Structures are given as structure tokens and as C-alpha cells.
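Following: one structure in C-alpha cells, then a few remarks.
The values are calculated or read from the model by the stated rules, or taken from the named source; none is laboratory data. Bear in mind that the values here come from a model prediction, so they are computed numbers and not experimental data. Neighbour counts run over all protein chains shown; Cβ positions are idealised from the backbone, glycine included.
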Amino acid sequence: MDVLTTIKKIGIVPVVRGATVDNILPIASALRQGGIPIIEITMETTEALAALEKATNELNDMLIGAGTVLDSETAQQAIFAGARFIVSPSLSVDVIKATKQHQAISIAGGLTPTEIVTAFQHGADMVKVFPAHVFGPKYIQSLKDPLPHIPLMVTGGINRETVGEYIKAGADVAGIGGSLVNVKHGWAADELEAITQRATELVSIIQKERKEEMHA
């Protein structure tokens, strides 16, 4: 199964801010045990690139990507470190081009219909609608009506209480950060178990909503 198909099938991309070489493996393993073999390591911290490289070297059964990628240089560094998908909070044609040049999946940022269409026209495989919670599920439904061919990932304030509504509204994938993984809580055994439990719940919610849509 290719990268984009896997992301769509699972329907959840855990967004990990503050990843380090020490915490990334236990956190990723906890997510995988909960049914999410995907992790997005955001690039705004000093250890992020090293954490990404460690994860890609040691977790062959996980799909590792880089997030908060703002420029083509960072995209290239992340891909060289092993990232298989690149996520941006904003629309950067340079980042899209660099990502596709190195055969990685591009998830570009976009909020307005113009930004979303522009990102897709320049080669983005999926568009991240951010910050989604400010506009809510109805906004996603309004976008999907004229743009059903553009895969959308909603990110920003998504949690177990709201993720189902976004999937029902037409979102293909949900990027979920602090409500799934918060590195400030540490990575002791009980927190890792909690991450696994939250991941399991989210996967179940996604599957339930999709089944209901199929029978609607």
C-alpha cells in the first residue's frame, strides 16, 4: 500500500510536537499499538530532525513524516532524513515542488478555496485545512461540495469529541496533536498506555463514521 493510500485508510495523522531522540520511539510504538502506524514529527524544535532520522531508521513498520515545514530546504532535509510525507501549515509552492521532486507525499496548507485549489494545482497530494476548529465541520462540508476531488486533512483543535463530525462532513484525514500526544506529559508507562488507548478510540470513531456513511 502506498503512502497516500495508507494515510487515507487510517484516517488519522498524529502530530507530535517536541519530539526528541529519547521520546520518539516509545511514543511511536504506543501509537502503533493503538492502530495508528503513522507519525508526523513537527520541525520547529532543535531535535526534530534527529528524532525523525532515528524513527525512520528504527521503525520500519511506521510511516514517518515531517510537519510544520515552511521552506524547501527544511522539506529536503526532512526527506533526506527519511520523511515520506511533508506537511505544511501554509501554502508554499516551493515546498510542494521540493517535496514532489524527491518523490515524497505533499500535504500543503490551505484554508480558503483559492489556496486549496492552488495547492492542488501545483501538485499537492492532499491539502491540510488549518486551523479547522475555528471554522468547524460545516466549513469542511462547504468546501467538499464543489471540491470533492481534492483530499482534505483537517488539523487544529481536533479531538475525540469532534473528529467524527469532521469525517462526516467530508474530511479524508484528521491531523491530531495535543489531544492524542502531548510530550509535556512525559512517556512513562502509564502515559504510553493512555496514548495507545486514545489512538484505539480515534481509529474506532473513524471506522464507525465511515461505515455509517457507506450505509447512508
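A few points about this structure:
Residues are listed down the side, and each one gets a yes or a no for (1) of a type in the set (S, T, N, Q); (2) more than 22 Å from Val127 (Cα to Cα):
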{"site": "Leu4", "(1), (2)": "no, no"}
{"site": "Gly11", "(1), (2)": "no, no"}
{"site": "Pro26", "(1), (2)": "no, yes"}
{"site": "Ser29", "(1), (2)": "yes, yes"}
{"site": "Thr45", "(1), (2)": "yes, yes"}
{"site": "Thr74", "(1), (2)": "yes, no"}
{"site": "Ala78", "(1), (2)": "no, no"}
{"site": "Arg84", "(1), (2)": "no, no"}
{"site": "Ile107", "(1), (2)": "no, no"}
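- Condition met for Val129 (touching a helix residue (DSSP H, G or I) at 6+ places or on another chain (Cβ under 9 Å) and either closer than 30 Å to Asp94 by Cα or touching a residue at least 60 places away in the same chain (Cβ under 8 Å) (or both)): yes
- Residues that are surrounded by fewer than 24 Cβ atoms within 10 Å (Cβ to Cβ) and not small (Gly, Ala, Ser) within segment 44-59 comprise Glu44, Thr45, Thr46, Glu47, Leu49, Glu53, Lys54, Thr56, Asn57, Glu58, Leu59, listed in sequence order.
- Scanning segment 128-186 for residues that are over 17 Å from the mean Cα position of the chain (by Cα), of a type in the set (Lys, Arg) and within 17 Å of Thr112 (Cβ to Cβ), we see that the one that is surrounded by the fewest Cβ atoms within 10 Å (Cβ to Cβ) is Lys138.
- Taken over segment 165-181, residues that are of a type outside the set (Gly, Ala, Ser) and either at pLDDT below 95 or outside any loop (DSSP other than H, G, I, E, B) (or both) amount to 6.
- In segment 27-38 there is no residue matching the filter, namely being surrounded by fewer than 22 Cβ atoms within 10 Å (Cβ to Cβ), more than 16 Å from Val181 (Cα to Cα) and over 15 Å from the mean Cα position of the chain (by Cα).
- Any hit, segment 70-84, residues being aliphatic (A, V, I, L, M), crowded, with 22+ Cβ neighbours inside 10 Å and within 14 Å of Arg17 (Cα to Cα): no
- Scanning segment 140-169 for residues that are in contact with a Lys or Arg (Cβ under 9 Å, 6 or more places away or on another chain), under 19 Å from Lys211 (Cα atoms) and among the β-branched types (Val, Ile, Thr) turns up just one, Ile167.
- The listed residue being of a type in the set (S, T, N, Q), within 29 Å of Met43 (Cα to Cα) and crowded, with 17+ Cβ neighbours inside 10 Å, out of Thr196, Thr200: Thr196
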